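Down below is the structure, laid out as structure tokens.
The values are calculated or read from the model by the stated rules, or taken from the named source; none is laboratory data. Predicted model only: the values in this text are computed from it and were never measured. Glycine also receives a Cβ, built like all others from the backbone with ideal geometry; neighbour counts cover every protein chain displayed. For the accessible areas, the whole protein counts, side chains as well, though only heavy atoms, and no ligand, DNA or RNA atoms are used. Shrake-Rupley method; radii C 1.70, N 1.55, O 1.52, S 1.80 Å.
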Amino acid sequence: MSDMTRPNPGPINAEAQRLLDLLADRATGGLSAPDQAEMEALLRRVPPLTDAAGRPITPEAVDAAAASLMIALSSKPAPLPAEARARLLARGMDVVRETASRDRKSVV
Amino acid sequence: MSETYLQRIARGDESAVAACLDEFGGTVWSLAERYLRGFGEDLEDAVQDVFVEVWRSAGRFDPSLGSEAAFIATIAHRRLIDRQRRAQTRRAVQLEDDRVFEAKPLVTAGADVHDEAKRAAAAFESLAHDEKQVLWYALYQGFSHERIAKAIDVPLGTVKTRIRRGLARLRELLGPQTMPGKGVSP
């Protein structure tokens, strides 16, 4: 049993263990459609989990741990190629304008 | 506390798009290079796919709950993994497993790297070798669990167990600052 699987208080049941496994798989390699469906069902069914320190174990917390490591491993990248940057920037401007326009309409 | 790039983008500040690209574009590009090597995918298209989701999700980012870098890395990882899967579904991809993990992987958290990366690098270094190995393949190289099993010649179940154990340990070592709740994940 891993450290993540020690909720506080009490032992973990099979469903909670399966949920923890799926959360870790999702954060590191993605899930197949059946696994995704199973994870969503378990999230609805399994009571909130905490680790040994009493912190909640949420999908976001597991994702965040994986993301932090990704950042640490990738911390000195080369800059974007200039031509790609220019095209991405143009696309970004379009997205921001589209989003702002949609938000204005939803307010009206 | 100053406004983040994503908060500025969420309220329609177009100048923040360039700043966001300059801050995080290289990271996402290098991630795409590693994750999609051998898959025959268009890198720029993949990076654009990531950033379009980042910009459209900017309104959901909450800086009190996690960093912009983690928010963007989570989107990038998920999008690039999805792209790998689609590429493999479309055609049989022959991948070379020539990227060999070493005891000192490419953790580059030097003096110029922000605290989050430094803490994650330190936590990573404290993991067992077999946990570091599988997490490096999964999160640095973007290998699927099946591909990791083949690369290091162990059963798939062993890879999953090591990843789950290592990630749990990592999360505990990183502590409350990387317990961002609903803010960090898109």
Simple SL model, points at 7 angstrom along Cα→Cβ for residue B:153 and residue B:37; separation in nm is 2.1
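Checking the a/c ratio against 1.5 first, then a/b against b/c, what shape does the Cα gyration tensor give for segment B:5-93?
Since a/c reaches 1.5 and a/b is larger than b/c, the shape of segment B:5-93 is classed as prolate.
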Under the rule of at least 5 residues apart or a separate chain, name every residue whose amide H is placed under 5 Å from the amide H of residue A:57. A:49, A:50, A:51
Per residue, in Å², the accessible surface of segment A:37-93 once ligands and nucleic acids are set aside, probe 1.4 Å: 43
For peptide A:26-35, the mean count of other chain Cβ atoms within 10 Å per residue Cβ is 6
Mean Cβ neighbour count within 10 Å, used as a protection proxy, ranking A:57-69, A:17-29 highest first: A:57-69, A:17-29
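Mind checking the mean number of beta-carbon atoms from other chains within 10 Å of the Cβ atoms in B:31-40?
So the per-residue partner count for this stretch is 1.
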Whole-Hz ³J(HN,Hα) for each residue in segment B:25-41, computed from phi via Karplus 6.51 cos²θ - 1.76 cosθ + 1.60 with θ = phi - 60°, x for glycine and proline: what do you get? x, x, 5, 5, 4, 5, 4, 5, 4, 6, 5, 9, 4, x, 9, x, 8
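Ignore the peptide's own chain and count Cβ atoms of other chains within 10 Å of each Cβ in A:90-101; give me the average, rounded. It would help to have the intermediate numbers written out before the result.
On the way: counts 1, 5, 12, 5, 4, 10, 13, 2, 2, 8, 6, 1.
Mean number of neighbouring Cβ atoms from other chains: 6.
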